[in-house]
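First up is the structure itself, then whatever we jot down about it.
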Amino acid sequence: MTSTRPYLIRALHEWILDNGLTPYIVVDAQTQGVEIPRQHVKEGRIVLNLNPSAVQALVMGNEWISFRARFSGRAMEVQLPVRSVLAIYAKENGQGMSFPPDSVEEETTPPVPPPSPPPTTPQIRPGRPNLTVVK
């Protein structure tokens, strides 16, 4: 199965914007393939503003996120693998979602549980019905 992470990121990004808030993502800057301004990395992470007024040509695919933005007045092309996103949240109230770091989601299907035994049907005994009073 494919990862749910890119779908959740896109959905939360849209939800944050629909509510008039500013979407921020936290990125693990150590993940292979991350192309960001290294001078803004703190403790191996960088927080990026994905508000339409802050970025241009934002593409949020299933494998990669890319956009153009200005950092300290310099235009830069940013690319990062979706797996490097650790969280997406609204700047104003902190609502959003975090993802486990370094989670490599398996491309395999989960194991199938063993079949459950067929439901048993009550045995019908011939003869007179029997009622029992339960208190």
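The values are calculated or read from the model by the stated rules, or taken from the named source; none is laboratory data. Small disclaimer: the values here were computed from a predicted structure and weren't measured. Neighbour counts run over all protein chains shown; Cβ positions are idealised from the backbone, glycine included.
Among the candidates 69, 11, 87, 57, which residue alone is loosely packed, with under 11 Cβ neighbours inside 10 Å and among the aliphatic types (A, V, I, L, M)?
Of the residues listed, the single one that is loosely packed, with under 11 Cβ neighbours inside 10 Å and among the aliphatic types (A, V, I, L, M) is 57.
Test each condition in (1) under 19 Å from residue 12 (Cα atoms); (2) modelled with pLDDT under 95 for residue 37 and report the one that comes out false.
(1)
Considering every residue within segment 98-110, establish whether at least one is in a strand (DSSP E or B) and modelled with pLDDT of 60 or more. Reasoning before the result, please.
Here is the first cut: in segment 98-110, the ones in a strand (DSSP E or B) are 98.
From what's left, modelled with pLDDT of 60 or more: 98.
Yes, because at least one residue in segment 98-110 is in a strand (DSSP E or B) and modelled with pLDDT of 60 or more.
Filter segment 26-68 down to residues that are charged (D, E, K, R) and in a strand (DSSP E or B) and give me whichever is farthest from residue 79 (Cα to Cα).
In this case the residue turns out to be 42.
Just to be sure I understand the filter: pairs with C-beta atoms under 6 Å, separated by 6 or more residues or on different chains, first member in segment 2-19 and within 19 Å of residue 100 (Cβ to Cβ), second member among the β-branched types (Val, Ile, Thr) and in a helix (DSSP H, G or I). Which pairs pass?
5/82; 6/82
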